[in-house]
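One structure is given below, encoded as structure tokens.
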Amino acid sequence: MSLLAVERAVTVFSASVVEVEGMLARIAVLLNPYDVRELALSLDRGELRVVVEGNGFDAERVAARLNKVIGVLDVTVSSN
């Protein structure tokens, strides 16, 4: 029996960041109830990466929520 990988739609949000203390906690609250599969903050690159799984949500609304977080700059969105 072979296991087949199920391809799921994901949308990736990336942003530059300038302030990090408490940022992940604020972002987690703002992104409730979206199906967030990855929330990563690179201090070396000053970059935030958020991966949301699923269809039928407004990606621009999610980007707008991310833009409201103090220290988040220039949110970009890509989907597969």
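The values are calculated or read from the model by the stated rules, or taken from the named source; none is laboratory data. In this text the structure is predicted, and so the values were computed from the model without any measurement. Cβ atoms come from the backbone with ideal geometry, glycine included; neighbour counts cover every protein chain shown. Each accessible area value is taken on the protein alone, full model and side chains, heavy atoms only, with ligands, DNA and RNA left out. Shrake-Rupley method; radii C 1.70, N 1.55, O 1.52, S 1.80 Å.
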What does the accessible area per residue of the stretch 19-79 come to in Å², with a 1.4 Å probe and no ligands, DNA or RNA counted?
64 Å²
Would you kindly state how much longer the chain becomes between Ala25 and Leu4 on full extension, computed as 0.36 nm times their sequence separation minus their alpha carbon distance, in nm to one decimal?
4.1 nm
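Taking the Cβ of Leu41 as the centre, find all other residues whose Cβ is under 14 Å away and add up their charges (Lys, Arg: +1; Asp, Glu: -1).
-2
Run the dipole for the chain about the Cα centre, Lys and Arg Cβ at +1, Asp and Glu Cβ at -1, nothing else charged, and hand back the magnitude in debye, nearest 20.
140 debye
What is the percent carbon and sulfur in the accessible area of the chain, measuring with a 1.4 Å probe over the protein chains and ignoring ligands?
Carbon with sulfur: 51 percent of the solvent-accessible area.
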Labelled set (i) 48, 27, 20; (ii) 31, 26, 24; (iii) 53, 22, 18; Cα extents along the principal axes in Å computed from this model equals the value at (i)
